[in-house]
Amino acid sequence: MEFQFTEKELAFRAELEEFIKSALPPDWQERARSWPGGYGAMEYDSEQDRKDAESFKQKMVDEGWFTVSWPKEYGGRGLSNMEQAIYFERTSYYRAPSLNIATAIMGPTILQIGTEENKEDWVPGIAKGEIEMWLGYSEPDAGSDLASIRTTAVREGDEYVLNGQKIWSSLAHASNYGWVIARTDPDGHRHRSVSIIVVDNNTPGVAIRPLINIIGVHSFNEVFFDNVRVPARNLIGQENMGFYYLMTALDFERLIVNIGAFKHGLEMLCGYVKRTERGGKPLGADPHVRRKLAEIAARVEIAYLFYWRTATLLDQGKIPSVESSALKLVTTELSRMLANASMEILGPYSMLMDPAQGAPMNGMAPRGYLDCISATIGAGTSEIQRNIIATRGLGLPSK
Amino acid sequence: MDLDLTKEQGFIKSSAREFLKKECPVSTVREMRDDPEGFSRNVWKKMAVLGWQGIMIPEEYDGMGGDFLDLALILEAMGEVCCNGPFFSTVALGAAAIIQWGTEEQKKELLPQISKGNLILSLAVAETHQWYGLDGIQTTLTDTGQDLVLNGAKLFVENAHISDYILCVAQGPGEGLSVVMVDPRSPGVQCSPLNTFAYEKQCSATFHNVHIPRANILGTLGAMREGLEGLQEFAALAKCLETVGVIQAAFEQSVEYAKSRKQFGRAIGSFQAIQHHCANMVVDVDGARLISYQAAWRVAQGLPASVEISMAKAWTGEAAKRVTALSHQIHGAISFCDEFDLHFYYRKAKACETAFGDVQYHLDKTADRLGLV
Ligand SMILES: Cc1cc2nc3c(=O)[nH]c(=O)nc-3n(C[C@H](O)[C@H](O)[C@H](O)COP(=O)(O)OP(=O)(O)OC[C@H]3O[C@@H](n4cnc5c(N)ncnc54)[C@H](O)[C@@H]3O)c2cc1C
Ligand SMILES: Cc1cc2nc3c(=O)[nH]c(=O)nc-3n(C[C@H](O)[C@H](O)[C@H](O)COP(=O)(O)OP(=O)(O)OC[C@H]3O[C@@H](n4cnc5c(N)ncnc54)[C@H](O)[C@@H]3O)c2cc1C
């Protein structure tokens, strides 16, 4: 047992931290407004924010941090999962605009299960940050029940013809390719009849309709496919194996819980409490406030331990499924708890949305109170995570 | 003991629901959030025809002569459609204050106008750096011998920008608290709407050497603390009733959705996880309604109700957060869309909690009454 980093891990952490601090604008923390665990507030406020995010990303590409987790032969450092976990922890703590699902999920998945052609087509572009992808899983009638997707892809010569609809497609409007699951064998078994196909957003027949979320941000979309013709070489891996690949993709998603953002969120709230007086006394002396913050601090610690445990298991070559469901559950419920506590501590001032009108903590609390709704729904709901823990983990019968 | 509504009360509730569903469906909140006034004058007039603004105003001042329970039922129906607009501030705050504190002259002048829907009122209590309750008010009222002069800044003055009078709470002259009616068009008054969580028109209001005629004093100068405490309790209870409507509607909608939405070839309501969510909502909603009705009944009967009100406010506040969060959970991603109405309920539930004392504030008040020290 060793509840501390190794020398090598510490050195990696320090190097990374130095890079992040030097590459981010000094006032970035006052501008980044994403909420830990939420999926809806990813947008930056101004054109300047967007530019700064882009330039940070470019620095990551230039200095080799972008694909740091990839195998050495593909330009990465071949990190251990623990180092990978440290990477996600530090970048999310500093709320660096670094998370790119194509480098984090699709790139590594293709490297593992893709054909040689797939690797040639997609990997270099992903590595340079030129190819960005959105996740085309959910459909109006296939949310928790992903296996019931209805989007079809029919092979015609050296093309697939796609028809159907995706929904909740985050950032589809801000990326250039969809990573789409579609049914390729209408008569096949639920799990052995779908394939992953990469679709260029600019193909005729693709229509992206924006959905504005409850924070007022255009974060996700509906995407319609009307006889969309895609080159057959855009099939990832083998036909009808999509569900298995999806599981691989999910393995790469396991550490992406923005763990550091929770610690950051707690520190932000503690900072507000420290600076604030109420009724002539420091707010930090209020027993209710102290208790709330202490409970959250303990919860953040638990979440971190679940996180490091997942990384440890991955390094041991084990596939954490129950453990990563527990991690997803504990962090996203914490997202809600942190938002609730922030609102309660700000009291009447939690109603102010606009920092220019005096909203405390940069207006983060009410935004977070909205965004945390998405945390326990997106990427597998809390109910589904509990089902996984109970049935897969504990062997409880499902009927 | 009979916990049911009387026939007349049942009628008020069902006709209010019907009217609002037709005239003011929840989608109106979306339309009104970008509207500078924030409500429809047409609907306001129709409410006056039904006698709503005058619901608690005695008949001699052209009101309906109803009691607090009658108002409660209307507020509950408004909660069901997340109705914003000047009803709460005009009727539950402004009219209530004038009925209690007004001189005969003020009542004769103002109450019939409120009943007719010709007056919009708001109440200004909260200030920056102040918390719930009445402590720490820094807005001052000074007596020049001729008239009175008001100076200070207020926050969360609902509808100040469209009010005919702002009922402003100030310190002084001298020690105690006073209430004066301020015409927002007077020199030195500035109001601007704030961007708030539940899209009501909450405003900031500043008063710079505003001259107040003596005729606009409400109640006794410097002696309004106790009265204001009573008014705030009353307002807290009114918020409870609004909250009951908010969570009733969110709950009903969620049960309907659980019955109709299918995943894995069956209604999601057939999964026990969802069933238990719905069952927990029943306890929250019914508990909120019963404890709020009990307090409203006590107020209507003229019985002491402070502790019942605080218990009601604490319970409904907590229940409202749980119920509306579960509603979102049951609905899944669709409820994260602005186009979908559910978030108005989630916002309103939280806004009602923070108005006139949140859960913690009212738990503290309840504990105070337990005689622990
Ligand atoms: C902000 C946001 C971003 C998203 N981004 C993407 C994206 O980029 N790409 C993508 O493909 N998808 C995305 N999603 C979709 C997400 O994966 C789905 O919302 C999620 O899988 C749930 O599906 P649903 O919303 O249809 O809810 P449903 O599956 O209809 O669930 C409704 C309710 O029923 C419950 N339920 C369902 N089945 C069971 C069961 N067996 N047992 C118990 N309870 C059950 C659920 O827990 C939930 O409470 C996003 C969602 C959100 C909110
Ligand atoms: C103090 C006490 C006094 C009692 N007095 C009496 C009495 O006077 N007369 C009498 O006849 N009985 C009495 N009982 C028995 C009582 O009615 C049973 O304990 C009760 O019905 C549960 O049955 P069980 O103990 O066999 O548990 P089980 O039915 O085996 O349940 C075990 C667990 O499974 C859960 N569970 C079971 N079915 C479901 C389901 N469909 N969905 C979800 N969860 C489920 C239960 O909630 C429980 O957590 C008493 C019990 C106690 C504890």
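Taking only the alpha carbons of the protein assembly as shown, we obtain Rg and Dmax values of 29.0, 96 Å in that order. Fewest-first ordering of B:352, A:270 by other beta carbons within 10 Å of each residue's beta carbon gives A:270, B:352. Between A:186, A:146, A:171, the Cα set farthest toward the positive side of the dipole of the stretch A:133-241 (charges on each charged residue's Cβ, about the Cα centre) is that of A:171. In the stretch A:133-241, the alpha-carbon atoms span a convex hull of 89 Å³ per residue. By its C-alpha gyration tensor, with a ≥ b ≥ c as the square roots of the eigenvalues, how is the stretch B:7-119 shaped: rounded for a/c under 1.5, else prolate for a/b larger than b/c, else oblate? It comes out oblate by the Cα gyration axes.
Between the helical axis of A:322-346 and the longest alpha-carbon principal axis of chain A there is an angle of about 40 degrees. Return the aspartates and glutamates within reach of residue B:116: Cα separation strictly under 17 angstrom, same-chain partners fewer than 8 residues apart disregarded; answer none if there are no such residues. Residue B:116 reaches B:59, B:60, B:62, B:164.
Note on residue B:21: lysines with a C-alpha under 18 Å away, same-chain residues under 8 apart excluded, are B:13, B:45, B:46, B:348. Sum up the charges of everything whose Cβ sits under 11 Å from the Cβ of residue B:352, counting Lys and Arg as +1 and Asp and Glu as -1, but leave residue B:352 out. Local charge sum for residue B:352: +2.
Under a model in which nothing but the beta-carbon of Lys, Arg (+1) and Asp, Glu (-1) is charged, the stretch A:249-393 shows a dipole of about 300 debye around its Cα centre. When the charge dipole of the stretch A:260-374 is built from unit charges on Cβ atoms (+1 for Lys and Arg, -1 for Asp and Glu) and taken about the Cα centre, the candidate among A:373, A:310, A:273 whose Cα reaches farthest toward its positive end is A:273. With angles folded into 0 to 90 degrees, how steeply does helix A:116-127 sit against the dominant principal axis of chain A? Use alpha carbons for both and round to 10. Helix A:116-127 sits roughly 30 degrees off the main axis of chain A.
The angle between the Cα long axis of helix A:364-375 and the main principal axis of chain A comes to about 40°, on a 0 to 90 degree scale. Pairs of Lys residues in the stretch A:218-358 that lie 8 or more places apart, or on two chains, and have C-alpha atoms under 30 angstrom apart add up to 9. Helix-only arithmetic for chain B: the sum of -39500 (n - 2.57) across DSSP H runs with n ≥ 4, divided by the residue total, places the mean residue ellipticity at 222 nm at -16000 deg cm²/dmol. Note down the net charge around residue B:180, summing +1 for each Lys or Arg and -1 for each Asp or Glu among other residues with Cβ under 12 Å from its Cβ. Spelling it out: positives minus negatives among the neighbours equals -2. For chain B, what number results from the quotient of the Cα radius of gyration and 2.2 N^0.38 Å? My calculation over the Cα atoms of chain B gives 1.00.
With the highest mean first, a sort of the peptides B:43-50, A:114-121 on other beta-carbon atoms found within 10 angstrom per residue produces B:43-50, A:114-121. Two decimals is fine: what is log10 I(q)/I(0) at q = 0.12, 0.15, 0.22 Å⁻¹ for the stretch B:122-218, from a Debye sum with one equal scatterer on every Cα and no solvent? For the stretch B:122-218, the Cα-only Debye profile gives -0.33, -0.52, -1.10. Please work out, to two decimal places, the log10 of the ratio I(q)/I(0) at q = 0.18, 0.19 Å⁻¹ from a Debye calculation in which every Cα of the stretch B:225-369 carries one identical scatterer. These q points yield log10 I(q)/I(0) values of -0.94, -1.01.
Tell me which GluC sites (Glu not before Pro) from the stretch B:304-373 have a DSSP coil assignment and no more than 15 other beta carbons within 10 Å of their own. Answer by residue number: B:339. Rounded to the nearest 20 debye, the dipole size of the stretch B:199-291 about its Cα centre is 360 debye, using +1 on the Cβ of Lys and Arg and -1 on the Cβ of Asp and Glu.
Size descriptors for the stretch B:292-373 (Cα atoms only): Rg and Dmax, in that order, 15.8, 51 Å. Sorted fewest first by neighbouring Cβ atoms within 10 angstrom, A:383, A:9 come out as A:9, A:383.
Basic side chains Lys and Arg get +1 at the Cβ, acidic Asp and Glu get -1 at the Cβ, and with that the dipole of chain A about its Cα centre reaches some 1260 debye. Extending 7 Å from Cα along the Cβ direction at residue B:40 and again at residue B:5 yields two label points whose distance is 2.2 nm. For chain A, the fraction of C-alpha pairs more than 34 angstrom apart is 31%.
Projecting the Cα atoms of B:196, B:129, B:148 onto the dipole axis of the stretch B:122-218, where Lys and Arg carry +1 and Asp and Glu carry -1 at the beta carbon, places B:196 farthest toward the positive end.
Every number here is computed from the coordinates shown, using simple stated rules; none is lab data. In this text, all values refer to a predicted model and were calculated from it rather than measured experimentally. Methodologically, a virtual Cβ is constructed for each residue, glycine included, from the backbone with ideal geometry; neighbour enumeration extends over all protein chains shown.
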